[in-house]
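Just below is one structure, and these are the notes that go with it.
The values are calculated or read from the model by the stated rules, or taken from the named source; none is laboratory data. No experiment lies behind these values; they were computed from the predicted model shown. Please note: Cβ atoms are built from the backbone with ideal geometry, for glycine as well, and neighbour counts cover all protein chains shown. Only protein heavy atoms, including side chains, enter the accessible area calculation; ligands, DNA and RNA are left aside. Shrake-Rupley method; radii C 1.70, N 1.55, O 1.52, S 1.80 Å.
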Amino acid sequence: MNASLPTAEALRGALAGLLDGLPPTQAAQAVDRLIAHYRGTVPTGAPVLRDRSDVAAYAAYRMPATFEAVRAVLDALREAAPEWAPGTHTDIGGGTGAASWAVAEAWDSSARTTVLDWAEPALALGRELAAASGIPSLESATWQRSRISAALRLESTDLVTVSYVLNELTEQDRAALVTEAARAAQAVVIVEPGTPDGYARIIAARDLLIAAGLTIAAPCPHSGACPIEPGTDWCHFAARVSRSSLHRQVKGGSLAYEDEKFAYVVASRFPVVPAPARVTRKPQIRKGQVLLDLCTEDDGLRRETVTKRHGTLYKSARDAAWGDEWPPR
């Protein structure tokens, strides 16, 4: 899953322009606190982003990674429903709008977006970034302060995104939010960190979406029970994130890229064609063969060995990436 270009470049440019002059020490301290929260498991019951410094640090630290993770997830939705495009989009807990940037790229800025978040500083910076984007759907987006809880009520919408939000909620609020998203939307996209806890939240959300009558579009090739035995493993994927100099400065790293690991589920009320199977780990390329770990519709988890005698399928296997559908369409 490679980094995208035009919208990602626009995002980096907007971040660099708006965050210029932020004291590095102040940004680093805010990033340290945000990392501690991001890796934790305790719901806060209050906005994580408290002020402009927090929001600026968050934008530099998290927006590029969140954008690429959601972009990869939306690619999977587009593969399952290539003829479908949302006319309206609600970004729940959208903060500074990373998921909305990914939606704008996926469907060429066609969706009318509403970003809901309970942190006004995040919404304010999100508006600024959107205004600097040059992307019509972002420039015209609505940024609305709303408490993200069991009390949230949504207007009907084509697409709901909930990215890196469930960790901030109590179990009761998570269940209510997912149920409300399923009621209001034609398609629901939920993304969480690629950790065992993040995967557990995704599985709980997946069960709620199925119970609400939606069909799983991705990553699973089916809407049945997850074949992973609880506690033995977890389903997650990775997206390559290009780091700008600003990103490297705030995160204290030297590499030009990083891999964002994430777990996700996509479900819909309209017809979809899920992947026949999904590559669940990095393919192992050996002399004359490729080993693919797959989640399949009929056989659960299995390993498939593709060799040169498989012809063009062998080339496809060598080009396959973690998270891809298999075989390619």
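The length gained on full extension between residue 147 and residue 315, counted as 0.36 nm times the residue separation minus their Cα-Cα distance, comes to 55.5 nm.
With the Cα gyration tensor of segment 188-329 giving a ≥ b ≥ c as the square roots of its eigenvalues, does the rule (a/c under 1.5 for rounded; else a/b larger than b/c for prolate; else oblate) give rounded, prolate or oblate?
Values: a/c = 1.85, a/b = 1.03, b/c = 1.80.
Judged from the Cα gyration tensor, segment 188-329 comes out oblate (a/c at least 1.5, b/c at or above a/b).
At what distance in nm do the modelled label points of residue 156 and residue 225 sit from each other, each positioned 7 Å from its Cα along Cα→Cβ? Reported label-point gap for residue 156 and residue 225 is 3.6 nm.
Taking segment 65-94 and a reference point 7 angstrom along Cα→Cβ of residue 16, the backbone N atoms nearer than 20 Å belong to 65-68. The alpha carbons of segment 63-154 give a radius of gyration and a Dmax of 12.8, 37 Å, in that order.
The label-point distance for residue 211 and residue 284, in a model that sets each label 7 Å from Cα toward Cβ, rounds to 3.8 nm.
For segment 161-203, what is Rg from Cα atoms divided by 2.2 N^0.38 Å, rounded to two decimals? Mind showing how you got there, number by number?
Values: Rg = 10.0 Å, N = 43, 2.2 N^0.38 = 9.2 Å.
Here the answer is 1.09, to two decimals.
Ligands, DNA and RNA excluded, the heavy atoms of residue 315 present near 130 Å² of accessible surface to a 1.4 Å solvent probe.
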